[in-house]
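Reading through the structure tokens given below for one structure.
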Amino acid sequence: MKEQQQEVADKFAILTGIYAGYCETCDMWIVHCPYCHHNWCGGDCGCGYAMVMNSKQAQLDQMLLKLEDEK
């Protein structure tokens, strides 16, 4: 399943231009700030992208949920 999730994360990055990586501590896929590249699991990085990052995290979560629903 993780391989398929990686494919979704890669597709997400291509579509949005925002990198998503797997956070072992949070045990989930997390978007990264397009400015400083800090992962979003710690919350706002202070770069002014909070609303965008919340929206993109929700978009990524929906894509991953769709993958799970297809199983």
Angle check, please: helix 2-16 long axis (alpha carbons) against the longest principal axis of the chain (alpha carbons), in degrees 0 to 90, nearest 10. 50
Compute the distance from the alpha-carbon center of segment 41-71 to that of segment 1-31, in whole Å. 10
What's the FRET efficiency of Glu24 with Asp69 using the Cβ-Cβ distance as r and R₀ = 22 Å, to the nearest 0.05? 0.35
Go ahead and collect, in residue order, the members of segment 8-23 whose backbone nitrogen is under 19 Å from a label point 7 Å along the Cα-Cβ direction of Asn54. none
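Rule-based calculations on the coordinates, nothing more; no lab input. Computed from a predicted structure; not experimentally measured. We place every Cβ from the backbone using ideal geometry, glycine too, and count neighbours over all the protein chains shown.
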